[in-house]
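Throughout, read-outs are computed from the coordinates displayed, never taken from laboratory work. Predicted model only: the values in this text are computed from it and were never measured. Heads up, the Cβs are rebuilt from the backbone with ideal geometry, glycines too, and the neighbour counts pull from every protein chain shown.
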Amino acid sequence: MNKKKLILAATGLNNTDNPGPGIPVIRSIKESGKYDLRVIGLAYETLEPGIYMHDLVDKVYQVPYPSEGSSALMERIAYIREREKIDVLIPNFDAELFSFMKAEKKLEELGIRTFLPTLQQLEERHKSNLDAFGRKYGVNVPKSKSLTSLAEIPKLRNEFDYPIMVKGKFYDAYVAYNEEQVQMHFNKISAKWGLPVIIQEFVRGTEVNVIALGDGKGNTIGAVPMRKQYITDKGKAWGGITLENPDMLALTDKIIRGTKWRGGMELELIRTPENKLYVIEINPRIPAWVYLAVGAGQNLPVALVELALGNAVKPFESYEVGKIFVRYSWDMIIDLKDFEAISMKGEI
Amino acid sequence: MIRLKKNIAISDTGFVFDPSTGESFNVNETGMQMISFLKEGKTPEEITALITQEYNIDPLSFEKYFQDFMEMLKQFNLLTEKKEV
Amino acid sequence: MEKKPFERPLIKRLNAGMPGKFGIHSHIEPLREIDGVLVKDLIAEHGSPLYVLSESALRRTFREAYQTFSTRYPRVQFAWSYKTNYLNAVCNVFHQEGAWAEVVSGFEYEKALQNGVPGSQIIFNGPDKQEKDLRLAIKNGSLIHIDHFDELYMLLELAGQGTGTPKVAIRVNMDTGIYPRWDRFGFNYENGEAWEALNRILLSEKLELVGLHTHIGTYILTADAYRAAAAKLASLATGIEKKYGKVIQYIDLGGGFASKNTLKGAYVPGTDAAPSFEEYADAISSALIKSEIKPDNLPLLILETGRAMVDDAGYLLGTVLANKRLADGRRATIADIGVNLLFTSFWYQHEVLPAQDVSQHTEETTLYGPLCMNIDVIREAIDFPLLKKGDHLVIKRIGAYNMTQWLQFINYRPRVVMIDEAGKPHVIREREDLVHLIRLEKVPEHLQSPKQKKQ
């Protein structure tokens with residue numbers, strides 16, 4: 001067999017009702033048949049379903065939470081590296097990206113390649129910086145304002161029409177129809193995520209998404225637009241369909257060209273009844289619904305691996321429109337021994 | 001008399017499993033030894049003698065750690081008062 | 001046969017959500033020595049608790065900061081922020097390295113003079129400058145950074161009284177994109193108040209405007225905020241030159257650089273989150289160099305870095321007093337270090353390390369101080385090795401603010417030791433005692449005990 005040998009490490013094995021992208025990413029790479037593949041799963045918690053999917057993941061190591069810092073993480077990665085000659089590592093959580101970016105050089109010294117956005121790209125697309133992002137790259141974003149005190153709420157009336165969105169720095173978003181509701185959400189959000197609290201213009205329309213991959217030089221390697229067809233109570237897509245939509249692709253190209261985006265991304269957009277597209281959020285990684293893009297003809301995880309390895313990748317030119325994904329849940333049966341192994345030794 | 005629940009399973013990695021509640025625990029080396037002794041039905045005096053013989057600790061100091069450990073076992077619902085046959 | 005070392009028996013519930021600390025081999029490395037001196041020897045000699053400062057770390061950090069800035073900007077001057085740590089030995093290390101003094105009260109001003117700092121190298125900041133302090137500062141030619149209009153008018157009044165022309169700067173507050181915005185100090189940039197103050201100064205001709213000052217906040221995690229601040233001060237400077245033909249001698253960007261401590265509630269530890277001196281220096285120097293200030297008139301860049309300069313050099317050593325189990329089964333350890341000695345524990349998750357060998361086993365522990373007050377908590381929840389009574393522990397990165405904001409409460413404040421570059425410890429502040437503490441007390445005659453009357 002002359003397939004290329006590849007040892008791949010990936011996080012995000014939490015294939016739960018709020019799924020991480022790890023398993024779909026691994027599946028995409030495995031099913032491509034391109035590599036003689038060995039998969040190393042990196043898990044934070046002992047019941048991440050991916051830990052027990054032995055047909056997809058060959059070996060799993062527990063790693064310290066991102067909150068332990070990049071030095072604890074690197075110590076663990078170095079330990080794993082002594083046992084597994086990892087070629088490419090794909091982090092799949094927002095929260096861990098910062099640690100992996102900080103450690104990028106050290107990873108490279110260990111021979112481990114990544115393909116991540118830069119710290120500046122990560123920072124710029126942050127919710128509280130979205131206004132400036134919109135101005136800098138010439139894209140529509142909802143008008144937004146950072147609030148640091150309750151006293152600023154009455155003045156919002158002069159700048160925004162109700163309803164408005166009230167958002168936390170990292171997570172949480174609520175619609176508020178009047179000042180009292182803004183106040184209530186402000187208190188709740190600031191207690192949980194701190195200040196500032198972000199006020200965003202409420203943009204009416206349909207939410208649509210794009211998965212994309214940038215090569216770090218301004219080129220879009222691939223991009224597939226999708227509309228969620230079914231959404232769980234947690235707001236996660238449970239079904240979605242690929243769209244034919246040149247505007248969305250043009251917007252994606254514009255953002256990738258402007259930012260010279262490096263790595264995977266997910267754009268959350270709102271299409272207004274007037275057919276204007278607003279950027280609501282930019283997630284700096286591959287989303288959990290990546291397998292839909294693969295099914296539609298763009299194996300973005302494989303392209304990302306190739307970019308990480310330093311190989312030239314030809315941009316995808318098309319994808320199938322009208323492909324649908326429907327997610328389902330599946331009960332695995334696991335032996336207590338497996339749970340003991342990951343709990344006690346941190347390896348399985 | 002207070003005893004360890006009979007069906008508690010312990011493996012040599014220090015993994016403790018309580019089949020009646022489905023809870024699992026881990027223990028360090030001395031914790032593992034004490035659970036084994038308790039499983040064998042040894043009395044506190046016997047356990048104290050065995051531990052102080054093997055480890056560098058005097059019986060009085062050991063007493064407080066022993067109490068603390070038993071307290072945790074109770075907290076975790078691993079003890080039973082029933083005399084088990 | 002040699003007996004095995006004893007570790008107390010431990011049982012922990014495995015939660016599905018919890019990462020198995022056992023599994024990931026995250027080992028807590030004890031901190032046995034500081035600059036080659038064993039922690040246990042330091043405690044044996046000087047008692048517990050004990051503050052320890054590393055002279056090498058102080059000098060190393062200062063030199064690193066100075067070099068980082070001076071390789072990016074032609075003229076750089078650091079001023080030691082007295083309030084961060086005004087033990088004379090610490091101040092003098094920085095003065096020997098070339099730092100000026102930055103003070104915020106008459107007391108700190110006196111201290112700087114006593115440490116031999118020339119008056120012209122003392123920066124006088126803050127809202128609390130008494131008339132007598134200002135007179136002294138004017139006489140000594142110190143740099144007075146005006147905080148409010150009342151101070152400005154007092155200076156105009158004093159300027160006419162023949163003690164010399166006050167050398168002044170104004171403190172400017174501004175929007176640099178960070179929160180909270182410190183708009184309570186100085187004059188606002190955006191609403192034009194800063195220009196009003198500058199006009200008043202320059203039109204009066206009684207005060208010599210030498211610089212512009214800002215201090216945007218504390219523990220600033222984005223270097224870009226300094227870029228914004230430097231750009232705004234630079235635009236004031238060019239405005240002044242255009243309007244009055246007056247060249248500003250220095251721009252003082254104050255302090256606020258983060259240390260590597262982790263703030264409570266922060267997701268990422270400070271060792272990852274805190275920008276390096278390089279990042280701050282790049283932001284500041286590029287903003288100044290790119291500004292419209294003429295290259296020949298580039299002002300002296302003054303920095304009042306306190307926390308980032310001294311935090312890492314300080315350690316607080318202590319001893320375990322007791323272990324106990326709380327009502328809900330949680331583990332608690334009581335050490336002899338209270339929050340009165342570690343003021344920063346209110347906002348930092350301090351790194352606490354054992355000072356002797358420990359196994360890889362840890363237990364979630366609440367770390368209490370010795371005070372009989374409920375607020376005396378050093379760490380609410382720390383994954384901590386199984387220390388026994390009498391074991392020593394070390395709290396890292398405590399050099400900033402703790403030796404100035406400490407409270408004498410319930411017990412004496414401990415000794416402070418500085419380990420010199422050759423590894424020799426010196427006592428730089430004695431442990432307090434009863435004589436020291438009651439020296440300022442006076443007991444009215446009718447309240448004196450017979451014993452006190454005899455004395």
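Setting aside same-chain residues fewer than 8 positions from C:Lys40, which lysines have a Cα under 22 Å from its Cα?
C:Lys388, C:Lys389, C:Lys396, C:Lys424
Projected area of the stretch A:247-309, taken from the Cα convex hull and averaged over every viewing direction, in nm²?
With the hull built on Cα positions only, its mean projection is 4.9 nm².
Could you please rank A:Leu97, C:Leu342, placing first whichever residue has the fewest other Cβ atoms within 10 Å of its Cβ?
Ranking A:Leu97, C:Leu342 by Cβ neighbours within 10 Å, fewest first, gives A:Leu97, C:Leu342.
Report the antiparallel proportion of the DSSP beta bridges in chain C as a percent, rounded to a multiple of 5.
If I count the DSSP bridges inside chain C, around 45 percent turn out antiparallel.
For the stretch C:188-207 and the stretch A:1-80, what is the centre-to-centre distance using only Cα atoms, to the nearest Å?
61 Å
Could you please rank A:Arg135, A:Arg227, placing first whichever residue has the fewest other Cβ atoms within 10 Å of its Cβ?
Going from least to most buried by this count: A:Arg135, A:Arg227.
Ranked highest first by average number of other Cβ atoms within 10 Å, how do A:173-183, A:4-14 line up?
A:4-14, A:173-183
Percent antiparallel among DSSP beta bridges with both residues in the protein assembly as shown, to the nearest 5?
Bridges in the protein assembly as shown are about 60 percent antiparallel.
If you average the sequence gap of Cα pairs under 8 Å that are 6 or more apart and divide by the length of the stretch A:218-348, what percent do you get for the contact order?
Averaging sequence separation for qualifying contacts and normalising by length gives 26 percent for the stretch A:218-348.
Can you pull the semi-axes for the stretch C:46-181, root of five times each eigenvalue of the Cα gyration tensor, sorted largest first, whole Å?
29, 19, 16
Summing +1 for each Lys or Arg and -1 for each Asp or Glu, what net charge is found among the other residues whose Cβ lies under 15 Å from the Cβ of C:Gln356?
Here the count lands on -1.
Per residue, how big is the convex hull around the C-alpha atoms of the stretch A:143-201? Give it to me in cubic angstrom, could you?
Convex hull of Cα atoms, per residue: 62 Å³.
Find the centroid of the Cα atoms in the stretch C:249-287 and in the stretch A:147-221, then give the distance between the two in whole Å.
The distance from the Cα centre of the stretch C:249-287 to that of the stretch A:147-221 comes to 27 Å.
Determine the gain in length on full extension of the stretch A:Glu268-A:Glu180; use 0.36 nm per residue of separation and subtract their C-alpha separation, reporting nm with one decimal.
That pair, A:Glu268 and A:Glu180, stretches by 28.9 nm at full extension.
Using only C-alpha atoms and all pairs of different ones, pull out the Kirkwood radius for the stretch B:28-77 in Å with one decimal.
Computed over Cα pairs of the stretch B:28-77, the Kirkwood hydrodynamic radius comes out at 11.0 Å.
Given R₀ = 25 Å, FRET efficiency for A:Leu150-A:Lys192 by Cβ-Cβ distance, to 0.05?
That pair, A:Leu150 with A:Lys192, gives E of 0.95.
Which percent of Cα-Cα pairs in the stretch A:35-108 sits in each 5 Å bin, short to long?
So the P(r) values, bin by bin, are 3, 15, 27, 27, 19, 8, 1.
Rounded, prolate or oblate: which fits the protein assembly as shown, taking a ≥ b ≥ c as square roots of the Cα gyration tensor eigenvalues, rounded meaning a/c under 1.5, else prolate when a/b beats b/c?
Here the protein assembly as shown falls in the oblate category.
For chain A, count the residues as N, evaluate 2.2 N^0.38 Å, and divide the Cα radius of gyration by that value, please.
1.02
Would you mind estimating how fast the stretch A:204-326 diffuses translationally, via Stokes-Einstein at 25 °C and 0.890 mPa s with the Kirkwood radius over Cα pairs, in µm²/s?
Roughly 170 µm²/s, to the nearest whole number.
Take the alpha-carbon centre of the stretch C:292-316, take the same for the stretch B:14-76, and report the distance between them in whole Å.
If we compute the Cα centre of each part, the gap is 57 Å.
Counting only helical runs of four or more DSSP H residues, what would the 222 nm mean residue ellipticity of chain C come to if each run contributes -39,500 (n - 2.57) and the total is spread over all its residues?
-8000 deg cm²/dmol
Taking the Cα centre of the protein assembly as shown as the origin and placing charges on Cβ (Lys, Arg +1; Asp, Glu -1), which of A:Val88, B:Leu73, B:Ile8 is farthest toward the positive end of the dipole?
A:Val88
Report, in debye and to the nearest 20, how large the dipole of the protein assembly as shown comes out about its Cα centre when Lys and Arg carry +1 and Asp and Glu carry -1 on their Cβ.
Using only the charged Cβ atoms, the result is roughly 540 debye.
Viscosity 0.692 mPa s, temperature 37 °C: Stokes-Einstein D of chain B from its Kirkwood Cα radius, in µm² per second?
It diffuses with D of about 247 µm²/s by this estimate.
Which log10 I(q)/I(0) values, to two decimals, does chain C give at q = 0.06, 0.07, 0.09, 0.12 Å⁻¹ under the Debye formula with one point per Cα?
-0.32, -0.44, -0.69, -1.07
May I ask you to sort C:Ser285, A:Ser32 by Cβ crowding, counting other Cβ atoms within 10 Å and putting the fewest first?
A:Ser32, C:Ser285
Under the definition of partner shielding as Cβ atoms of other protein chains within 10 Å of a residue Cβ, what is the mean value for peptide B:22-35?
6
Can you tell me, using C-alpha contacts under 8 Å and at least 6 residues apart, the relative contact order of the stretch A:143-201 as a whole percent?
With pairs under 8 Å counted, the relative contact order is 48 percent.
Shielding by partners for B:50-57, please: the mean number of other protein chain Cβ atoms within 10 Å of each residue's Cβ.
If you average over the peptide's residues, the count of other-chain Cβ atoms is 3.
Go through B:71-78, A:149-156 and give me the packing order, highest mean Cβ count within 10 Å leading.
B:71-78, A:149-156
Using only the alpha-carbon atoms, how far is helix B:59-75 inclined from the longest principal axis of chain B? Give it as 0 to 90 degrees, nearest 10.
10 degrees
For chain A, with only Lys/Arg (+1) and Asp/Glu (-1) charged at the beta-carbon, what is the dipole magnitude about the Cα centre, in debye rounded to 20?
760 debye
Per the Kirkwood formula on distinct C-alpha pairs, the Rh of the stretch C:55-310 is how many angstrom?
Hydrodynamic radius (Kirkwood, Cα pairs) of the stretch C:55-310 is 18.4 Å.
How do A:60-68, C:375-383 rank on mean C-beta neighbours within 10 Å, highest first?
A:60-68, C:375-383
Which whole-number percent is the relative contact order of the stretch A:65-117 (Cα, under 8 Å, 6+ apart)?
That works out to 45 percent.
Along Cα→Cβ, 7 Å out, is where each label goes; now give me the distance between the ones at B:Ala49 and B:Ser20 in nm to one decimal.
In this crude spin-label approximation the distance works out to 2.9 nm.
What does the average come to when, for each residue of peptide C:263-271, you count the partner chain Cβ atoms lying within 10 Å of its Cβ?
4
Please state, to two decimals, what the Cα-based radius of gyration of the stretch C:282-324 comes to when divided by 2.2 N^0.38 Å (N = residues).
2.31
Among all helices in chain A defined by DSSP H, which have a length of 30 Å or more along the axis from Cα atoms plus a Kyte-Doolittle mean of at least 0.5?
Span-like helices in chain A: none at all.
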